[in-house]
Structure formats: C-alpha cells, structure tokens
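This report refers to the structure that appears directly beneath it.
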Amino acid sequence: MAFPLYVPYVSIKFIQCTTLYNQMKNYNEVYRKLQPVVLGYLIKLTNNRDTAEHLASITMEKVLFNLDKYDESKSKMTTWAINIAKNAAIDESRKRRLTTMSISDFVDEQGNETIQVSNNVTPYSEIVSKQIGHGIDLALSKLPMIYKDIANLYFRKQLSYEEISNELQRPLGTIKAGIHRARLILQDSLKNVKL
C-alpha cells in the first residue's frame, strides 16, 4: 500500500494573497517603467503639463487593467502604452471640441430667424469697455497727422485698404505701410492700458 505524498496544508486565502501580492509587485514595476515615458510623450503632444498628467493617469489605468491583454509578440510594451496614450489624448480632445449646430435649427417654417441673443452686459463690463474705448480714442488722437486719417478710416470706419486708397487718393502700398506704422504706434501707446 502506497502512502499519499504529504502535501502541507496551504489555505486558499494564503494563495490568493500571495497571487495578489505578486500582481501588485508586477503592476508597480510596470508603472515605474512606463509612466515617465508616457508622461513625456503626452507633454510633447499636448504642450500642457496638467493635461498631460491627467492623460497619463488615464493611460496608466488602462495599461494596468489591460495588462493581461498585452501581446509581447506584436510590439514593445512602451509602444503599446504610447498607443493607448495617443488614443486617450484623441478621446480627450474630442470631448473638449466645441459642439456645432445647424443653421436650420434657428429658422422656423416661414424662414424667420428664431435666434435670441442674450445681452449679458454688466455695469462693470460697460465701465471697462468705456475706459478702453476712451484710451483708444486718446491714442488715436495722439497719432502723427500722416497716420491719423488712415487709422481713423481703417480702425473706426473699418474700410478696406483699397477703399482707403481711393478715398485719400494715395497708392495702396502707402496705405498699407501707414496702417502698419499706425498700429505699431498704437500698440506702444496702449501697452499700459489694462484689459
């Protein structure tokens, strides 16, 4: 009669804990190796560290949850993780994209527009707008005489280069150069105006 081999009693709980510990050790190692690579890639991709860190955490979560699906024969683990990061960045940019609406949504059956414009003008924004307008008027009045007429027609009446050229009877190149110089002078005089 053969005696059964002695198998020490090992609880299922112990096996589960050991397996979980080994998995966690493996996850930590994967995270430690991949996270800096993924973060660096996402910083270059997004040009924004906060967004990149957010996307890196999403990516690493997906990597760790899908670690059992990784196929070593298809690609390196870093390539796989970077592809997941790229897809996460694409998904995030789609979420942030502005929603568009059809023009037909704002036209009734008779063809009348149904758009209602909200006027969210506050007393503060009105005062600030007046102050900025006053600053611009003051800067325009201080322009040299050669540029004052051109600047008034371009900035206030919003005429095109050709229209200004016809009205002042000057060559188009002179008008363009005058507007450019007037813009530089205005920028210099308005740089202290706070918006």
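Between a first residue in the stretch 154-174 that is closer than 25 Å to Ile136 by Cα and a second residue that is part of a loop (DSSP other than H, G, I, E, B) and of a type in the set (A, V, I, L, M, F, W, C), which pairs have beta carbons less than 8 Å apart while being 6 or more apart in sequence or on different chains?
Glu167/Leu159
What is the one condition in (1) closer than 30 Å to Leu45 by Cβ; (2) in contact with a helix residue (DSSP H, G or I) (Cβ under 9 Å, 6 or more places away or on another chain); (3) at pLDDT below 80 that Glu92 does not satisfy?
(3)
Can you tell me how many residues in the stretch 138-195 are part of a helix (DSSP H, G or I), surrounded by 13 or more Cβ atoms within 10 Å (Cβ to Cβ) and not β-branched (Val, Ile, Thr)?
25
If you check every pair at least six apart or on different chains, which have Cβ atoms under 9 Å apart with a residue in the stretch 133-148 that is under 16 Å from His180 (Cα atoms) and in the same structural domain as Leu186 (by TED's automatic domain parsing) first and a residue that is surrounded by fewer than 12 Cβ atoms within 10 Å (Cβ to Cβ) and of a type in the set (Ser, Thr, Tyr) second?
Once the first residue is under 16 Å from His180 (Cα atoms) and in the same structural domain as Leu186 (by TED's automatic domain parsing) and sits in the stretch 133-148, its partners that are surrounded by fewer than 12 Cβ atoms within 10 Å (Cβ to Cβ) and of a type in the set (Ser, Thr, Tyr) give Lys148/Ser141.
Can you confirm whether the stretch 98-118 contains a residue that is modelled with pLDDT of 65 or more and in a helix (DSSP H, G or I)?
no
The values are calculated or read from the model by the stated rules, or taken from the named source; none is laboratory data. These figures come from a predicted structure and were not determined experimentally. FYI the Cβ positions are ideal-geometry reconstructions off the backbone, even for glycines, and counts take in every protein chain you see.
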